[in-house]
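Written below as structure tokens is the structure these notes are about.
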Amino acid sequence: MKRKASAVWTGGLKDGKGVVSTGSKTLDKTPYNFNMRFGEEAGTNPEELVAAAHAGCFAMAFSAILGESKIKPASISAKAAVTLEQVDGGFAVTSSALDVVAKVPGGDAEKVKAAGAAAKAGCPISKLLNCKVTMKLKVEV
């Protein structure tokens, strides 16, 4: 299964601008620029999109792993914070921190925590990232 996206950039790094689109058109020529990425201008940027992908992928993987144990969560709230840092003269994503609240009424907290750890290690976006992945998990049973 392939998923497609595209980006077009015009101009220089600091004075230029770009647009990003997804094959589904959920994002369709969505603008981004230097100040959205490195400054305070509102808008999206590649790292924010990676964080959204990681949070979404993790939540689905967590639900699937819980389901394998016949545990159905009421909800899984997953946030991801991706850190972009200057490393060795360039920039790199150095970490993605997951902050998760799993509401699992009547569930076994230890089984839920084990499923969370498995999802953190096994979700496709976690596997894709070449950085440190951490997780803070709060389980509400």
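The values are calculated or read from the model by the stated rules, or taken from the named source; none is laboratory data. Since we're looking at a predicted model, the values are computed, not measured. All Cβ positions, even for glycine, are placed from backbone atoms using ideal geometry, and neighbour counts span all protein chains on display.
So here's what we get for this one:
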read-out	value
Scan of the stretch 38-51 for residues that are modelled with pLDDT of 95 or more, out of contact with any strand residue (DSSP E or B) (no Cβ under 7 Å at 6 or more places or on another chain) and within 14 Å of Val93 (Cα to Cα), ordered by number	Pro46, Glu48, Leu49
Set Val82, Val93: member being touching a Leu at 6+ places or on another chain (Cβ under 8 Å) and either closer than 23 Å to Met135 by Cα or in the same structural domain as Ala117 (by TED's automatic domain parsing) (or both)	Val93
Test for Asp108: is it exposed (fewer than 12 other Cβ atoms within 10 Å of the Cβ) and not assigned by TED's automatic domain parsing to the domain that holds Leu13	no
Cross-chain or 6+ apart pairs with Cβ under 8 Å, the stretch 15-37 first and under 14 Å from Val50 (Cα atoms), then aromatic (Phe, Trp, Tyr)	Val20/Tyr32
Index of the failed condition, Val19 passing every other in (1) in a helix (DSSP H, G or I); (2) touching a Pro at 6+ places or on another chain (Cβ under 7 Å)	(1)
